[in-house]
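Beneath this line is the structure, given in structure tokens, with notes to follow.
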Amino acid sequence: MNTRRILMIGDIVGVAGRTIFQRHIDALKSKYGIDFLIVNGENSAHGLGITPRLVEFFKKSGVDVITSGNHIWHKKEIFPYLSSHQDLLRPANFPSGVPGVGATVVNKNGISYAVVNLLGRVFMREDLDCPFKALDTILTYVRDKARIIFVDFHAEATSEKQALAAYVDGRVTAVVGTHTHVQTADERIMPHGTAYITDVGMAGSVNSLLGMEAQPIIQRFLTQMPTRFSVEINPPYMLNGVVIEVDVTTGHAVSIERVRVLDERAAVETEHVDSTLGGW
């Protein structure tokens, strides 16, 4: 069987997430024999959004495609990049006319990989186009260009994620959920060959609330007053992901395995700032 291995890293949150990503990504690629690397980078800039400099950081680390979600518009400087590049995706079910693309096809070492980014509507953005119908439309375009089709479904509701996976089972290689930042233990190969997990998790501080400092969020729950959230920078850090092995001939998944890395070391500025990129 001719197979390839895809590594997907969940939402990377601020400097803590970037630090553990940079420390461990080369070892992970070597350990699992990774052929294609995807990260969700929409929280990589101070916990909200992404910048062109961070895109370059991820690309220098070997990332092939960066996906996003509801925070993609937070940093205005990313708009021109989205308009002129296809290695950073915004959700495909935003209305036509917004910057960027929601799907891309990358040829790497003779194999074509299609990556699709979608945003859920339940408890999130009810005004968006239907992600199910948006994916149907995308598949009519990419199915002749790539057998391997990877979907990052950035959504809140477990039911919506599971429903989308069931809807496209056998038509895509994988449906991997992001957004909740908590890695779920329901990874499986569905009946017709699609790999699925409800949420791949995040890269960031373990003792945080979804990567952010806990106390302001607790205060928000207690008082319902607006508070300013900041990235939790104290270790230990964790990195969550999944490795999916794919049959190149059929495009179906052979296996899916959760990845979890823990790191007790504190962030050291020189480890995660590339002097050629300037500040974060």
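The values are calculated or read from the model by the stated rules, or taken from the named source; none is laboratory data. As the structure is a computational prediction, the values presented were derived from the model and not from experiment. Because the Cβ atoms are built from the backbone with ideal geometry, glycine has one as well, and the counts that use them run over all protein chains shown.
Computed values, structure above
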| item | result |
| --- | --- |
| Residue that is modelled with the highest pLDDT [pool: residues in the range 46-61 that are at positive phi and surrounded by 20 or more Cβ atoms within 10 Å (Cβ to Cβ)] | G49 |
| Test for I12: is it touching a Phe, Trp or Tyr at 6+ places or on another chain (Cβ under 6 Å) and either over 21 Å from V106 (Cα atoms) or in contact (Cβ under 8 Å) with a residue 12 or more places away in the chain (or both) | yes |
| Those residues of the range 191-212 which are surrounded by 20 or more Cβ atoms within 10 Å (Cβ to Cβ) and more than 18 Å from the chain's Cα centre (by Cα), in sequence order | S208 |
| G241 out of contact with any helix residue (DSSP H, G or I) (no Cβ under 7 Å at 6 or more places or on another chain), buried (at least 23 other Cβ atoms within 10 Å of the Cβ) and part of a strand (DSSP E or B) | yes |
| Count of residues meeting criterion [out of contact with any Ser or Thr (no Cβ under 9 Å at 6 or more places or on another chain), at pLDDT 95 or above and not aliphatic (A, V, I, L, M)] in the range 130-165 | 9 |
| Options L54, L37; residue that is aliphatic (A, V, I, L, M) and in contact with a Ser or Thr (Cβ under 7 Å, 6 or more places away or on another chain) | L54 |
| Count of residues meeting criterion [free of Cβ contacts under 8 Å to residues at least 60 places away in the same chain and either farther than 26 Å from H71 by Cα or buried (at least 24 other Cβ atoms within 10 Å of the Cβ) (or both)] in the range 175-185 | 2 |
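Yes or no, residue by residue, for (1) of a type in the set (A, V, I, L, M, F, W, C); (2) within 20 Å of the chain's Cα centre (by Cα):
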{"site": "F57", "(1), (2)": "yes, yes"}
{"site": "I78", "(1), (2)": "yes, yes"}
{"site": "S83", "(1), (2)": "no, yes"}
{"site": "V105", "(1), (2)": "yes, yes"}
{"site": "M124", "(1), (2)": "yes, yes"}
{"site": "P131", "(1), (2)": "no, yes"}
{"site": "R143", "(1), (2)": "no, no"}
